[in-house]
2 protein chains.
Amino acid sequence: MKKVVIIGGVATGASTAARLRRLDETIEIVMIERGEYISFANCGLPYYLGDVITDRDELLIATPKLMKDRFHIDTRIHSEVTKINPFKNSVTIQSADRGTYEETYDYLVLAPGAKPIDFNFEEVSSDKVFTLRNMNDTDRIKTALDGVQKAIIIGGGYIGVEMAENLVEKNIEVTLVQALPHILAPFDDDMVILAENEMRKKGINLLLSEMAVALHETEVGVSLELESGNVVEGNILISAIGVVPDTDFLKDSGVSLGKRGHILTNEQMQTNIPNIYAGGDAVTVTDFVTKQVTAVPLAGPANKHGRIIADNICGIPSKYKDTQGSTVIKVFDLTLAATGNTERQLSLQGIEHQTIIIHPNHHAVYYPGAEQITLKLIFNSSGAILGAQAIGIAGVVKRIDVIATLLRMGGTIYDLTELELCYAPPYGSAKDPVNFAGYVAENVLTKKTDLVHPRELENIKDNPNIVVLDVRTLGERNFGKVDGSIHINVNDLRDHLDELDKEKEYWIYCAVGVRAYVAERILKQHGFQCKNIIGGYKTISALGLLVP
Amino acid sequence: MKKVVIIGGVATGASTAARLRRLDETIEIVMIERGEYISFANCGLPYYLGDVITDRDELLIATPKLMKDRFHIDTRIHSEVTKINPFKNSVTIQSADRGTYEETYDYLVLAPGAKPIDFNFEEVSSDKVFTLRNMNDTDRIKTALDGVQKAIIIGGGYIGVEMAENLVEKNIEVTLVQALPHILAPFDDDMVILAENEMRKKGINLLLSEMAVALHETEVGVSLELESGNVVEGNILISAIGVVPDTDFLKDSGVSLGKRGHILTNEQMQTNIPNIYAGGDAVTVTDFVTKQVTAVPLAGPANKHGRIIADNICGIPSKYKDTQGSTVIKVFDLTLAATGNTERQLSLQGIEHQTIIIHPNHHAVYYPGAEQITLKLIFNSSGAILGAQAIGIAGVVKRIDVIATLLRMGGTIYDLTELELCYAPPYGSAKDPVNFAGYVAENVLTKKTDLVHPRELENIKDNPNIVVLDVRTLGERNFGKVDGSIHINVNDLRDHLDELDKEKEYWIYCAVGVRAYVAERILKQHGFQCKNIIGGYKTISALGLLVP
């Protein structure tokens, strides 16, 4: 009879345990959890704090009793593994009720997860400064929120942004401090800026490129000093500056760890010690696109790891095939979703890439309720898809999930044009936004269009050889335009060719890029030099680039 | 200078024209349209009749003036091509203003579309019987609807069902008569029954397996006699019994047509006559899954055809790669989506396949608003995906679009388990419904589970060797159960093994199949014979199969 000890009772741990049992009634399964709760809804915690989820019990997905009754699993809560002893095939456990003892195993599964990075200003009382990882943190914050009028959040990652939204929805004044120039690293600046605008519109005091340097206790809470000299006041502070793998107990265990403490595994999720497996937020994974080693703390991969570990322990060959980083976050009425790499990551790694940004409607424009999606596609010169990001009010996740599927299958932008998706007016368009993205990308690679990013507008301010050409209607232009641009409605363009100069280069824009492409094709075929400004006026104005 | 004549100004025709112009400023493009309108929103017509779309102008996507101004296209409306003369490279056109004349071409594009099948009871006045194809039909029905209290619709395809919904939303009493046992052929009976139940709940008098035999005019409208002897009364009748290609003008033209009048093309959408192309609802396509020749009148493929035709005329090699039949329809609050083949089609063609039905939530169950999706996956014994269907209130299309993408890329159920989709509580689950479908299918192919369809319950009524085992809670069982089933809560199963009989076979069900699988694994490993009833009590009860 095999005996498996699992360290950690949440995503990877609980998945491993349940799958093990479904595969084999005879295995002895012991699941060790430091906290009081197993299998709780991590990703739901900010929404419980925001009273979107009102019943705390909803967060507790599986209890030790259920694991016992249904799966015959010996769950030990309030039990911390302080040390593993691979040479003895045992772990040392410290528990509230049983003191310190050893438990032997045939197979050990490491699923300790990640913990928040320590916030370093320790002179402030603990009832004013919080991190959010588990049910206990959640309960503490829930209590502390009573009477809070102002909150400071440090960190513009998922937890920081979700907490900001949820506290604002509770009418708390929120300042979000982010050290980097933009929030939400899985998105490029030209996309996430739309979410930043939305957050500011909803009243969040969003401080970007601001580094916290000191925290002081005040009569009503805390005061945070920033490197810029700015000072932010709040009743409480929530620190969400990132996570690190919770693997201190593995130091000197013989299990190979990476530089930042992540557990290293092979594709079978097996560590360097053959009967020890690991998964979840504490391990490194390979990036699906760049094949670089990385760490991506996401719930989807963590759950997959559990199944793969259980299979391998039971002799079923099973491999984890890298992480794309598919991700989504709600930011008030907006949804932001992404898969693959960002332009920023690819540039940093020197990987050749091209991008397009389009703004199609999420369903037929004539059916009521059509909303624009801003969709960015990143691909290389052979057409391989490297990443995609989308933001909008509706239909956003669907498009990224489709592209994530194509990316996983090694698809190209040419495949994107051929996808046959479901269409009826309430749901999409005969040419779906993802087909459309494929068409535009194909036009780029086949040189039918030359794109230029709106950022470049700043570099041509004083260049007399480049003319910005607005091909929208006069009505649209009256609502805002690129300063210094000339105007010819695309529908009249053929009649005004003699007013244009073949020695100059025309940078064309319309509202979203479609008419600009028509204009570009007309001009190019009549011998003019021209480029199409990526994303059109919608992207230009979002970036605040109105003065070339 | 090339000259292209296009017959038909809607999906394929208009797409071809616009793409041709974007590729080449010099081509002379003549687009011939029999009706008054080009490029109108076919798929929106039922919603305009239901006052969901209130502005008629919204339906008119492109006008001849726009085609002229922006694309320099010579659109001729009220012009019917009565004959094509391939040997002279010309078409004969009959028009209101110019009489009969010939127009020559270098390339001819056939995009005539499909027309409603004639309704054969001609003694009834034309202001009481309608079909729905174009703007004129729409205007006629719109006028006729004034004062209508009861409407009869014949045909349970898309148009019939969409019209039924839209008329009910206008408080018109609707009888829908369908000759087949179920509506909406792209769905299997065990799926579409959920939509039929919904339609009845919304007050539609849905008559299935009822064939119309005679229609009589009455004082207030029409009276429809059915083969069963039933008679249905209404103020108007809308016939939506299907479409046929509108290709009569091609008879004896030399262009090869199929048995049912469809134009035959190669992958380049080229007919047997090299300078004549065709696309849209009037052509045959190859089924992506079975590789059989078929005809699938859908807007997505029609638009793709247009682009491919234009590319080929301009010397850009481009092929159409078969039709999956990805499709979606709104039925009141429900969405039904499908891709690939149905179980019914595969059985008819003798193609080996297996199916599963699951009912996962569309997003994390603890986040408010989670709705069940009923998802059916069809695959073969090597794991290739052959089709999928889903029905539910939310998140339905996304899952079918993802599976459609995987199907297009030749993916298997094993790929389905590995897909990494976007997850946050408002949008999905860490194990997405499509991953989950992959897991269940994998369990089928690796013999971890043996499934049996609820339909089989009818065949075991008198079989003493088969016992139906309900493993839900007593609370659930009190709301309804399979008659004659025994009950053991899955959580107590290991304690009751001695009450079971190894000579008998247990058919297990829970609410949706998850707990039944756990029970099946327990029983199998303890030496019992058992099967899991596909889709659990949710599917059993939807099919009305409560008595084994």
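Structure values in brief
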read-out	value
Exposure proxy ranking, count of Cβ atoms within 10 Å, fewest first, for A:MET191, A:MET135, A:MET1	A:MET1, A:MET135, A:MET191
0 to 90° range, to nearest 10: angle between helix B:514-525 axis and chain B longest Cα axis	50
3J(HN,Hα) from dihedral phi, the range A:145-155, Karplus parametrisation 6.51/-1.76/1.60, rounded to Hz, x for glycine, proline	5, 3, x, 6, 10, 10, 10, 10, 10, 9, x
Check: the range A:451-542 dipole with +1 on Lys, Arg Cβ and -1 on Asp, Glu Cβ, in debye	360
Share, in percent, of DSSP beta bridges within the range B:129-241 that are antiparallel, nearest 5	40
B:ASN341 long-range amide H proximity, modeled H, under 5 Å	B:GLY387, B:ALA388
Value of [θ]222 nm, deg cm²/dmol, for chain A, DSSP H segments ≥ 4, -39500 (n - 2.57) each, nearest 500	-7500 deg cm²/dmol
Net charge dipole size for the range A:1-82 [Lys, Arg +1 and Asp, Glu -1 on Cβ; Debye, nearest 20]	360
Förster radius 45 Å - calculated FRET efficiency between B:ALA96 and A:ILE351, Cβ distance, rounded to 0.05	0.15
Electrostatic dipole magnitude of chain A [Cβ: Lys, Arg +1; Asp, Glu -1; Cα centre; debye, to 20]	1380
Where labels lie 7 Å past Cα in the beta-carbon direction, separation of A:ASN197 and A:ASN275 in nm	6.0
Paramagnetic label zone (point 7 Å from Cα along Cα-to-C-beta, A:THR104; backbone N under 16 Å) in the range A:1-41	A:1-5, A:28-30
Spin-label model distance (nm) - A:GLU227 vs A:PHE479, 7 Å beyond Cα toward Cβ	3.9
Euclidean distance between Cα centres, the range B:273-302 to the range A:244-315, Å	49
Computed E for B:ARG140/B:THR54 - FRET, C-beta separation, R0 22 angstrom, nearest 0.05	0.75
50 Å tail of the calculated P(r), the protein assembly as shown, as % of Cα pairs	31
Cα long-axis angle, helix A:11-23 against chain A (0 to 90 degrees, to the nearest 10)	70
FRET efficiency for A:ASP252 and B:ARG344, using Cβ-Cβ distance with R0 set to 45 Å, rounded to 0.05	0.10
For the range A:69-154, with +1 on Lys and Arg beta carbons and -1 on Asp and Glu, the positive-most of A:ILE153, A:LEU108, A:GLN94 along the dipole	A:ILE153
Neighbour-count order for A:GLU33, A:GLU505, fewest beta carbons within 10 angstrom listed first	A:GLU505, A:GLU33
The range B:277-346: equivalent-ellipsoid semi-axes (sqrt of 5 x gyration tensor eigenvalues, Cα, Å)	26, 15, 9
For B:MET199, net neighbour charge (Lys/Arg +1, Asp/Glu -1) across residues whose Cβ lies under 14 Å away	-3
Amide H within-cut-off set for A:THR265, under 5 Å, with H built and near neighbours excluded	A:THR284
Shape of the range B:309-384, Cα gyration tensor, a/c cut at 1.5	oblate
Rounded to 10°, Cα long-axis angle of helix B:189-201 versus longest principal axis of chain B	80
Fraction of beta bridges assigned by DSSP in the protein assembly as shown that are antiparallel (%, nearest 5)	55
Relative contact order, percent, the range B:451-542 [alpha-carbon distance under 8 Å, six or more residues apart]	33
Average beta carbon contacts from partner chains per residue of B:42-48, 10 Å cutoff	4
All Cα pairs of the range A:333-445, percent lying beyond 21 Å	30
More than 19 Å apart - percent of Cα-Cα pairs taken over the range B:1-139	56
Tensor-based shape of the range A:134-225 (alpha-carbon gyration tensor, a/c under 1.5 rounded, otherwise prolate or oblate)	prolate
The range A:390-501 - Rg over Rh from alpha carbon coordinates, Kirkwood radius	1.06
Rounded to whole Hz, the Karplus (6.51, -1.76, 1.60) HN-Hα couplings of the range A:311-319, x for glycine and proline	4, 5, 4, 8, x, 9, x, 7, 10
For chain B: span of alpha carbons on each principal axis (Å, largest first)	90, 60, 43
Relative contact order of chain B, pairs being alpha-carbon contacts under 8 Å that are 6 or more residues apart, as %	10
Theoretical gain in end-to-end length, B:THR290 to B:ARG494 [0.36 nm per residue, Cα-Cα removed]	68.9 nm
Beta bridges by DSSP in chain B, antiparallel share as percent, to the nearest 5	55
Fewest-first ranking of B:ARG21, B:ARG76, A:ARG399, using other Cβ atoms within 10 Å as the exposure measure	B:ARG76, B:ARG21, A:ARG399
Where a label projected 7 Å from the Cα of B:ASN171 along Cα→Cβ would reach, residues of the range B:144-161 with amide N under 19 Å	B:144-152
Table column - 3J(HN,Hα) (Hz), the range B:93-105, Karplus curve with 6.51, -1.76, 1.60, x for Gly and Pro	10, 10, 9, 4, 8, 10, x, 9, 8, 9, 10, 8, 8
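Read-outs throughout are calculated quantities, based only on the coordinates presented, and are distinct from any laboratory measurement. Remember, predicted model here, so these are calculated numbers, not experimental data. Cβ atoms come from the backbone with ideal geometry, glycine included; neighbour counts cover every protein chain shown.
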